[in-house]
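Beneath this line is the structure, given in structure tokens, with notes to follow.
The values are calculated or read from the model by the stated rules, or taken from the named source; none is laboratory data. Keep in mind that what you see is a predicted model, and the values were worked out from it rather than measured. Cβ placement follows ideal geometry from the backbone for every residue including glycine, while neighbour counts extend to all protein chains displayed. These area figures cover heavy atoms from the full protein model, side chains too; ligands, DNA and RNA do not enter into them. Shrake-Rupley method; radii C 1.70, N 1.55, O 1.52, S 1.80 Å.
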Amino acid sequence: MSSKISILGSTGSIGVSALKVLRSVEHNFEVFGLSCNNNLKLFREQLAEFNPSVAAVASAEAVKSEDYARLKKQFPAVTFFEGDDGVLELANLETDVLISAIVGAAGLVPTLASLANIKRLALANKETLVMAGDIVTRKVKEHGVELIPVDSEHSAIFSMIGNMDISGISRVILTASGGSMRCKTVEEMNKITPEQALIHPTWNMGEKITIDSATLINKGLEVIEAHHLFNLDYGLISVIIHPESIIHSMVETVDGAVYAYMSVPDMVYPIFNALFYPEIKQNPFGKLDFSKIGKLEFFKYDNDKFPALDLCYSAGKSGGTMPAVLNAANEVAVKAFLEKKILFTDIVKIVEKTMNKHSIIYNPDISAIFDSDKWSRERAESMLPGN
Ligand code: MG
């Protein structure tokens with residue numbers, strides 16, 4: 001029998017990879033629901049190919065367009081939901097597997113709502129755990145949902161520590177490609193344009209996460225994500241730059257052994273794993289050729305050049321509403337950089353200044369988290385030129 005699956009964010013980079021995986025295993029899954037933000041052109045193609053029962057379009061602007069009216073007419077058998085509330089409605093429908101792949105803080109509400117209605121959460125939206133890790137992991141337990149990370153580093157760790165005794169783990173080592181700025185000086189980084197920063201050396205990803213990789217804030221968010229997913233103290237989580245992106249993370253045990261998880265750097269592998277775990281199945285996506293790779297390199301990250309990582313450790317250790325504030329300020333700053341309002345090196349400065357002004361609320365409920373998110377966005381925006 002095939003499992004029912006829904007994807008939140010099907011036209012984004014992860015959503016597209018997820019559908020590529022589903023295309024390769026079509027008899028195992030029935031696509032039940034898809035949601036997009038505003039890319040109606042690609043959404044139309046996806047609806048035609050995967051024939052879901054329900055669809056949601058998040059963007060208020062997109063649902064007002066003529067193109068959307070045409071889309072609804074073209075697929076009379078599909079039930080459409082509209083706006084952010086529409087995405088929430090979709091998330092509230094029962095399904096076996098939900099892939100949460102909306103970019104940024106917008107993914108938290110529907111992902112949280114889905115937990116009462118799904119068996120397995122394949123989580124690509126790291127903000128869900130960064131912003132509300134304690135609440136989400138509690139709800140996951142309460143509803144008996146299997147939480148399987150899709151972020152490649154966490155997928156790797158998840159696969160490796162499956163049956164390990166957690167007290168035997170002395171360290172997890174998250175690998176970072178180093179992003180597009182790894183070999184640049186601070187002076188060069190000051191002059192970098194969004195176009196240049198968006199070229200990632202090893203991974204092909206969405207815009208937001210590519211900039212986050214360049215500042216290393218992505219790795220910092222992943223440290224917080226790992227803390228919640230694996231219930232690890234921050235002192236047990238470290239980061240190493242590994243430019244080839246072949247090892248997706250490592251686990252060191254107290255006896256000195258180090259386990260490394262390797263694959264071709266493409267999100268189809270962690271998505272495949274999240275869909276079939278614990279089964280190990282043949283996939284059509286190709287294998288590593290070590291004679292072609294030649295060497296694997298490792299470097300310590302340069303804290304002076306990339307202060308974001310320490311900032312994330314500090315936000316994570318502080319806890320409470322601080323990680324949500326970090327995340328929201330970063331979303332504002334990255335957008336401003338992409339719109340050429342600030343320099344690349346201003347991104348992390350704005351995040352740090354916003355964090356410094358925040359009074360942490362400990363053990364926040366979800367509304368306190370969103371209040372802090374909003375506060376942080378306003379603060380960060382007030383720091384942009386012209387405001
Ligand atoms: Mg990652």
### Message
Exactly one condition in (1) closer than 15 Å to Leu338 by Cα; (2) within 11 Å of the ligand (Cβ to nearest atom) is false for Thr210; which is it?
### Response
(2)
### Task
Kindly provide the set of residues from the stretch 346-387 that are under 21 Å from Asp212 (Cβ atoms) and in a loop (DSSP other than H, G, I, E, B), ordered by number.
His358, Met383, Leu384
### Summary
Residue hits (the stretch 140-157; under 17 Å from His227 (Cβ atoms) and either assigned to a loop (DSSP other than H, G, I, E, B) or open to solvent by 40 Å² or more (accessible area, probe 1.4 Å) (or both)) are Lys141, Asp151
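Among what's in the stretch 176-189 and is in a loop (DSSP other than H, G, I, E, B) and more than 12 Å from the ligand (Cβ to nearest atom), pick the residue that is least open to solvent (accessible area, probe 1.4 Å).
Looking only at the stretch 176-189, we keep the residues that are in a loop (DSSP other than H, G, I, E, B), and these are 177-178, 182-185.
Still in the running and more than 12 Å from the ligand (Cβ to nearest atom): 178, 182-185.
Values: Gly178: 3, Arg182: 77, Cys183: 106, Lys184: 70, Thr185: 59 Å².
Per the stated criteria, the residue is Gly178.
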#### Entry: Test: residue in the stretch 321-339 that is in a loop (DSSP other than H, G, I, E, B) and not aliphatic (A, V, I, L, M)
yes
### Query
Of all the residues that make up the stretch 213-237, how many are in contact with a Lys or Arg (Cβ under 8 Å, 6 or more places away or on another chain) and more than 15 Å from the ligand (Cβ to nearest atom)?
2
### Query
Residues of the stretch 190-211 being surrounded by fewer than 18 Cβ atoms within 10 Å (Cβ to Cβ) and part of a helix (DSSP H, G or I), which ones?
Asn190, Pro194, Glu195, Gln196, Glu207
